[in-house]
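Trainee: Just passing along the structure, written as structure tokens.
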Amino acid sequence: MKAALYIVPTPIGNIGDITLRALEILKAVDLIAAEDTRHSRTLLTHYDISTPLVSFHEHSENRVVEQLADRVAGGESIALISDAGTPLVSDPGYALVRGVQARGLTVIPLPGACAAITALSAAGLPTHHFHFEGFLPAKQVARVKRLEAIKSLNTTVIFYEAPHRIVDLITDMLAVFGVDHEICLARELTKTFETIRRAPLGDIREWVLNDANQQKGEFVVISGLVVQTTTLGADGRLLLARLASELPPRKAAQIVADHYGLKSRDLYQQLIAD
Ligand code: SAM
């Protein structure tokens, strides 16, 4: 066994979703560093793995990183696992990977389960480019601000969310992206009550509000492309013309652009061209 830190993904629900290589590594290493040792014991017992466990979580201090790096430097092999999925993806491990690499030691990643990629593969939303956002801030003002920034990325965006905030997230997304914006709600992936639904935000919000079961479990929310239109509908054109008869054209364009989520410059040019 090569002295190294192995990054080992574990199942996100279905206990069968672990690779043969991951099981071999977990059996062969000298030590497994786990986010929650009690939680991981269930998985390890299921696969008859008796490798010693040590705790490594997001509050682990530098001292713990140094101790683990010392052991790798001394010739031992260590596997890092989190409670579910791929370590470091919205999970602890960053400081440990950096600490081990800083000592010139080897980090070996294994591919495997990740809720974000699992959801993306079945969302039916564009996948050529995507942005992984993970968890948004818990406070509403900060969350909406971040959603506003995300809107301008104009790409597929993957969010993680806890069940007690899922309605708030969908409500804020609706306010920022609009009722017709398409999202995918992927709930309880790989588990008994797996539900994957893609629909406009307005429909998803109604569905989740009307069915308490849809507010339970673990969620990945994926936002599709924000359709950026530079043109106004008939109502908007009327409003723009009316405002422009009372206000300086730039001001009128700014107000209408803010209202419809368009670029003020585009509307101003439209206005002076008319
Ligand atoms: N490292 C993990 C990964 O690779 O996906 C993610 C860990 S993060 C602390 C936990 C979050 O991932 C959950 O709150 C949820 O948003 C998402 N998640 C994990 N398992 C899931 C599942 N089976 N179905 C849907 N979302 C899941």
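Rundown of residues vs (1) surrounded by fewer than 22 Cβ atoms within 10 Å (Cβ to Cβ); (2) more than 14 Å from the ligand (Cβ to nearest atom), yes/no style:
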{"position": "PRO9", "(1), (2)": "no, no"}
{"position": "ASN14", "(1), (2)": "yes, no"}
{"position": "ILE18", "(1), (2)": "yes, no"}
{"position": "LEU23", "(1), (2)": "yes, yes"}
{"position": "LEU31", "(1), (2)": "yes, yes"}
{"position": "THR45", "(1), (2)": "yes, yes"}
{"position": "ASP48", "(1), (2)": "yes, yes"}
{"position": "THR51", "(1), (2)": "yes, yes"}
{"position": "ASP91", "(1), (2)": "yes, no"}
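Residues checked against (1) under 27 Å from MET173 (Cβ atoms); (2) polar (S, T, N, Q); (3) without any contact (Cβ under 8 Å) to a residue 40 or more places away in the chain:
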{"position": "VAL226", "(1), (2), (3)": "yes, no, no"}
{"position": "ALA241", "(1), (2), (3)": "no, no, yes"}
{"position": "ARG250", "(1), (2), (3)": "no, no, yes"}
{"position": "ILE255", "(1), (2), (3)": "yes, no, yes"}
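Trainee: Further question: Scan the stretch 1-31 for residues that are within 29 Å of the chain's Cα centre (by Cα), over 19 Å from LEU96 (Cα atoms) and assigned to a loop (DSSP other than H, G, I, E, B) and jot them down.
Mentor: Those that are within 29 Å of the chain's Cα centre (by Cα), over 19 Å from LEU96 (Cα atoms) and assigned to a loop (DSSP other than H, G, I, E, B): PRO11, ILE12, GLY13, ASN14, ILE15, GLY16, ASP17, ILE18, THR19.
Trainee: State all residues of the stretch 145-167 that are within 14 Å of the ligand (Cβ to nearest atom) and either open to solvent by 70 Å² or more (accessible area, probe 1.4 Å) or in a helix (DSSP H, G or I) (or both); if no residue qualifies, say none.
Mentor: Passing the criteria: PRO163, HIS164, ARG165, ILE166.
Trainee: Out of the strands (runs of 3 or more DSSP E) lying entirely within the stretch 32-144, which hold 2 or more residues that are under 27 Å from VAL221 (Cα atoms)?
Mentor: By residue number, 78-81, 130-135.
Trainee: Hey, can you tell me all the residues within the stretch 151-203 that are of a type in the set (Val, Ile, Thr) and over 20 Å from ALA115 (Cα atoms)?
Mentor: Correct list: THR171, VAL176, VAL179.
A quick yes/no check of all residues on (1) touching a Phe, Trp or Tyr at 6+ places or on another chain (Cβ under 9 Å); (2) within 16 Å of the ligand (Cβ to nearest atom); (3) among the charged types (D, E, K, R); (4) touching a residue at least 12 places away in the same chain (Cβ under 8 Å):
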position: LEU169; (1), (2), (3), (4): yes, yes, no, yes
position: VAL179; (1), (2), (3), (4): no, no, no, yes
position: LEU185; (1), (2), (3), (4): yes, yes, no, yes
position: ARG197; (1), (2), (3), (4): yes, yes, yes, yes
position: LEU201; (1), (2), (3), (4): yes, no, no, yes
position: ASN213; (1), (2), (3), (4): yes, yes, no, yes
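Listed here are the residues, each with its yes/no results for (1) of a type outside the set (Lys, Arg); (2) over 16 Å from the mean Cα position of the chain (by Cα); (3) more than 16 Å from the ligand (Cβ to nearest atom).
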| site | (1), (2), (3) |
| --- | --- |
| PRO87 | yes, no, no |
| TYR94 | yes, yes, no |
| LEU105 | yes, yes, yes |
| ALA113 | yes, no, no |
| LEU125 | yes, no, no |
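The values are calculated or read from the model by the stated rules, or taken from the named source; none is laboratory data. What you see is a predicted model; the values in this text were computed from it and never measured. In this analysis, Cβ positions are derived from the backbone assuming ideal geometry, glycine residues included, and neighbour counts consider all displayed protein chains. Just so you know, the surface numbers come from the protein's heavy atoms only, side chains and all, with ligands and any DNA or RNA stripped out. Shrake-Rupley method; radii C 1.70, N 1.55, O 1.52, S 1.80 Å.
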